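Reviewing the structure listed below.
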Amino acid sequence: MSHAPLRRLLLVMVFLAAAGGAHATQAIVVQEEFGFSFLAGESWLLRLNGASQRYDHFFNIAFSDGAFVLTALKNNNVASEPSLPYGLDVYWAGRPRITPDEEHSTSLVFIPSQMFPDQRGESLRIVLHSPVPEPRQLSLLAAGILTLLLVAQARKPRLRRLASKLTRFGSNSSN
C-alpha cells in the first residue's frame, strides 16, 4: 500500500497550519457597561496590534500583543470618584456578547472603574486567552496525529518480523 497520498495530505496540513489561517483572536470588542444590570453603553472594536482608541477624555484603549491595555492620558480621579458602578467588558469580536450578570457570560474580563489607572502614562494590562483552540492549533494537532499514524503504519511489518523472531528465539532457547 502506498502512503504517498497520506504524506501529501500531511504536508498540506502542516503548510496550512504554518501559514496561519483565520484567527478568532484578531480583534476584541470593548463594551462600556453601567450599573448592576450591565446596561450597555458605547463599544469599540479593537484589532490586534492596531491603532488605539480614545475612551472618555482620560484614557486610550488598545489590543496589543494579546492583551487589553487601558492607559491614562492625564491624571484623573475616575477610580476614586463616588458614582454608580460602571466599567468595561471585553469580548472576542464576532462572538455573542453575554454580560457577566447572566449565567453563561461570554465576557473575557470585566474591569470596574475602581481599577482604572489614575496617573498620566499609567496602564492597566490584562492578557487575554482564547478558551477555544484556533484553527491553526487544530490543524497542527491533526498533522501531529496523522504523522504518528503514518509512523505506526510504516513500522507494523518490522514489529511483526521482530515479534516472530523473538517468539522463535524463545521457543528455541526453551528446548
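The values are calculated or read from the model by the stated rules, or taken from the named source; none is laboratory data. Just so it is clear, the model here is predicted, and its values are computed rather than measured.
For segment 151-175, enumerate the residues that are of a type in the set (Lys, Arg) and modelled with pLDDT under 70.
As a first pass, look at segment 151-175 and keep what is of a type in the set (Lys, Arg): 155-156, 158, 160-161, 165, 168.
Correct list: ARG155 only.
How many residues, within segment 90-129, are over 17 Å from ASN60 (Cα atoms) and of a type outside the set (Gly, Ala, Ser)? Outline the logic, then answer.
Just the residues of segment 90-129 that are over 17 Å from ASN60 (Cα atoms), to begin with: 91-109, 128-129.
If we keep only those that are of a type outside the set (Gly, Ala, Ser) too, we end up with 91-92, 95-104, 106, 108-109, 128-129.
The number of residues fulfilling the criteria is 17.
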